[in-house]
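Following: one structure in structure tokens, then a few remarks.
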């Protein structure tokens, strides 16, 4: 009988169920995918790579006796859906429902073992009721506040963006150049949690590069606050990590957005020049401002250097950003590359105060031109100068800024607040506050959401005084719903609480979280912040939400570029499943290469995994119980590889075993053990062929896997070039014959071999 993947896969997809409940008699394992944002085009073959990996681990853990929570849901609020609706004229509510249905069908075709009864959708009012509830708790505790501030503004999407949504000066979603705009915003005080967000990274089993990205984004630095007095009686505060260079300050530079600038315009001798410069810079992104450093003096305004009393000019410059420090810097051109370039461009004074090298010298050394501090090491001078001058105080600074949380768009969670002239800002009494049905959801571009035009929704009575009031019309960003969704999977139908405490204690934290590294300082940082807040108010029992994190590498298109609809280089999994089967596709995506690395797609690779499954299907079974050393070595290898996310080598070892059995055949008992190994990777064919109904993970015999191989290091002229695993006890000639045929060795061995040094079972050194 031929291997009919269509019949087999449909049969087992209809039969399998993976529901899970709390069970104190079993250890739990919470395996979670970063849930998708369903687009109209559906999945391409690059999307399921992480989902297949989580499914392999989930099935493996169930076989080990774990009570596995492996849910799926949909992140469906935000710009992508709204932009698509604007483009097509179809309401986002309709397109989102269609997209979810398409994604769900595709995921089911892959045979992914999700707990579908726990499915959630961020646009469901029963879900976002609790997103609103969390926001209100933050508002009550002063973590959510209103502020007019310059924000990243996307002129194409016509909305404000968080810093994390701007990539290389462009909108993450549409690619338009981002500008600055002063708009009323709701902001979340994530900075209050900066130290905890840093410290608790040590609790996590995450890739080091992701942890380092978060550390850099938070950007904790130690230094000093310095007060510069101006000739008009005002003061400007700056932060510096190098108080030892204070004697070299030749300029005070403000960001164009610094509040002082506007207040002193009337005092300036070059008022119009400054106004023109402000107009020029406000329409440039932060990245654009970094490309060419420009500035203009605030003529007539001077500052006094607090350590030597010297008067220094005050400028504004585009490379000084309001988002860092206090939006002002003390310029030390001799010891800062940016300041040096700026000073050279405008012919400004440069004073060396730290000896050590060619200017600009940014290292440490002995102080010069620094009065009584001359000759002191700069490392010592930092503390001495702080102690000496009252205007210089020890300080800690962070790059992290509070999270701009509101959006001037329609398709997002309504912010449940009411503005009353008498009572101020008042929370909504009843949540969920549902998004109203509208025909026109085009962004206004004015800084107001389209909701502002719906008078019957906006105009309400104040819950406190009963007077006329207005609802908040900004909406929450897409990230709001994804900050806490992992908790709702634990208790998705609870109408009375965000999550039941007992259920939360059983399933939390997430044991394994799989998703793209692009979310390092977006979703992952935001979710950690919200979780810590929920921990503080007693909703959750753990300090961190995600214990272990794994990032999958991208599957690139045939041309080596990232798959995208715009490039026309995507490959649909539907076609591959139809032709080769879901099991073949699952195996191929995991066999392509190391899980964390990017790999190139090739349809022909599916032919190989399909042929492998056909070999499995046609294995010749022989009578008797055969002790199979290779089988038990394979069990040991696959077990270890799944734990270490080395899915490609696990599949390779199973292929080696099957190739051997094609020649020799195997027993029914051995074949069932193998099928249990194969099951997490290719569940449909495994269950179809399996006779043993006990789906427990196979154990290997220690006796049969005794180490009878060794790893031999290969050197050429004393330098390591390769290694090879061989049977123990091979003589020099046997090893030499094998080694000289390896490609990594061939390229280093040219001409005649002068000598071979051989240490049995350990090393071979070829001298040429």
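Please give the number of the condition residue 99 fails out of (1) in contact with a helix residue (DSSP H, G or I) (Cβ under 6 Å, 6 or more places away or on another chain); (2) touching a residue at least 60 places away in the same chain (Cβ under 8 Å); (3) within 16 Å of residue 41 (Cα to Cα).
(1)
So residue 232 ticks every box in (1) touching a residue at least 60 places away in the same chain (Cβ under 8 Å); (2) closer than 22 Å to residue 402 by Cβ but one. Which box is left unticked?
With respect to (1) touching a residue at least 60 places away in the same chain (Cβ under 8 Å); (2) closer than 22 Å to residue 402 by Cβ, residue 232 is out only on (2).
Kindly indicate whether residue 8 is outside any loop (DSSP other than H, G, I, E, B), over 30 Å from residue 408 (Cα atoms) and within 29 Å of the chain's Cα centre (by Cα).
no
For every residue, the table says whether it meets (1) closer than 24 Å to residue 48 by Cβ; (2) more than 35 Å from the chain's Cα centre (by Cα).
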site	(1), (2)
601	yes, no
617	yes, yes
636	no, no
643	yes, no
654	yes, no
660	no, yes
678	yes, no
689	yes, yes
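Could you check the stretch 92-145 and list, in sequence order, the residues that are under 30 Å from residue 471 (Cα atoms), at pLDDT below 95 and surrounded by fewer than 17 Cβ atoms within 10 Å (Cβ to Cβ)?
Of everything in the stretch 92-145, those that are under 30 Å from residue 471 (Cα atoms), at pLDDT below 95 and surrounded by fewer than 17 Cβ atoms within 10 Å (Cβ to Cβ) turn out to be 93, 94, 97.
Quickly run through the stretch 283-324 and pick out the residues that are at pLDDT 95 or above and farther than 15 Å from residue 252 by Cα.
Answer for the stretch 283-324, where residues must be at pLDDT 95 or above and farther than 15 Å from residue 252 by Cα: there is none.
Answer yes or no as to whether residue 233 is within 22 Å of residue 320 (Cα to Cα) and either at pLDDT 95 or above or surrounded by fewer than 19 Cβ atoms within 10 Å (Cβ to Cβ) (or both).
no
Please determine whether any residue of the stretch 680-688 is assigned to a helix (DSSP H, G or I), surrounded by fewer than 20 Cβ atoms within 10 Å (Cβ to Cβ) and modelled with pLDDT of 85 or more.
Yes - at least one qualifying residue is present in the stretch 680-688.
Which of (1) part of a helix (DSSP H, G or I); (2) surrounded by 13 or more Cβ atoms within 10 Å (Cβ to Cβ); (3) out of contact with any strand residue (DSSP E or B) (no Cβ under 9 Å at 6 or more places or on another chain) does residue 40 not meet, given it meets every other one?
Of the numbered conditions (1) part of a helix (DSSP H, G or I); (2) surrounded by 13 or more Cβ atoms within 10 Å (Cβ to Cβ); (3) out of contact with any strand residue (DSSP E or B) (no Cβ under 9 Å at 6 or more places or on another chain), the odd one out for residue 40 is (1).
Inspect the stretch 46-57 for any residue being crowded, with 17+ Cβ neighbours inside 10 Å, more than 27 Å from residue 635 (Cα to Cα) and under 26 Å from the mean Cα position of the chain (by Cα) and give the result as yes or no.
The answer is yes, given that some residue of the stretch 46-57 is crowded, with 17+ Cβ neighbours inside 10 Å, more than 27 Å from residue 635 (Cα to Cα) and under 26 Å from the mean Cα position of the chain (by Cα).
Per-residue answers, yes or no, for (1) touching a strand residue (DSSP E or B) at 6+ places or on another chain (Cβ under 7 Å); (2) loosely packed, with under 14 Cβ neighbours inside 10 Å; (3) in the same structural domain as residue 647 (by TED's automatic domain parsing):
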{"position": "549", "(1), (2), (3)": "yes, no, no"}
{"position": "553", "(1), (2), (3)": "yes, no, no"}
{"position": "560", "(1), (2), (3)": "yes, yes, no"}
{"position": "578", "(1), (2), (3)": "no, yes, yes"}
{"position": "588", "(1), (2), (3)": "no, no, yes"}
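Do you know which of the residues in the stretch 437-454 that are farther than 19 Å from residue 89 by Cβ and in contact with a helix residue (DSSP H, G or I) (Cβ under 9 Å, 6 or more places away or on another chain) is surrounded by the most Cβ atoms within 10 Å (Cβ to Cβ)?
Taking the candidates together, the pick is 451.
Quick check on the stretch 710-732. Is at least one of its residues over 20 Å from residue 632 (Cβ atoms), in contact with a strand residue (DSSP E or B) (Cβ under 7 Å, 6 or more places away or on another chain) and assigned to a helix (DSSP H, G or I)?
Yes - at least one qualifying residue is present in the stretch 710-732.
With the requirement that a residue be in contact with a helix residue (DSSP H, G or I) (Cβ under 7 Å, 6 or more places away or on another chain) and modelled with pLDDT of 95 or more, what does the stretch 174-203 give you?
Hits for the stretch 174-203 are 188, 190, 193, 194, 196, 197, 198, 201.
Can you work out which of the residues in the stretch 518-542 that are farther than 14 Å from residue 206 by Cβ and in contact (Cβ under 8 Å) with a residue 60 or more places away in the chain is surrounded by the fewest Cβ atoms within 10 Å (Cβ to Cβ)?
The extreme case among them is 537.
Quick grid of which residues meet (1) part of a loop (DSSP other than H, G, I, E, B); (2) in contact with a strand residue (DSSP E or B) (Cβ under 8 Å, 6 or more places away or on another chain); (3) free of Cβ contacts under 8 Å to residues at least 12 places away in the same chain:
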position	(1), (2), (3)
358	yes, no, yes
362	yes, no, no
372	no, no, yes
384	no, no, yes
409	yes, yes, no
426	no, yes, no
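Could you please give the count of residues in the stretch 66-111 that are part of a loop (DSSP other than H, G, I, E, B), over 16 Å from residue 413 (Cα atoms) and under 23 Å from the mean Cα position of the chain (by Cα)?
Adding up the residues that qualify gives 3.
The values are calculated or read from the model by the stated rules, or taken from the named source; none is laboratory data. The shown structure was predicted, so the numbers you read here are calculated from the model rather than taken from an experiment. So basically every Cβ, Gly included, is an ideal-geometry build from the backbone, and we count neighbours across all protein chains shown.
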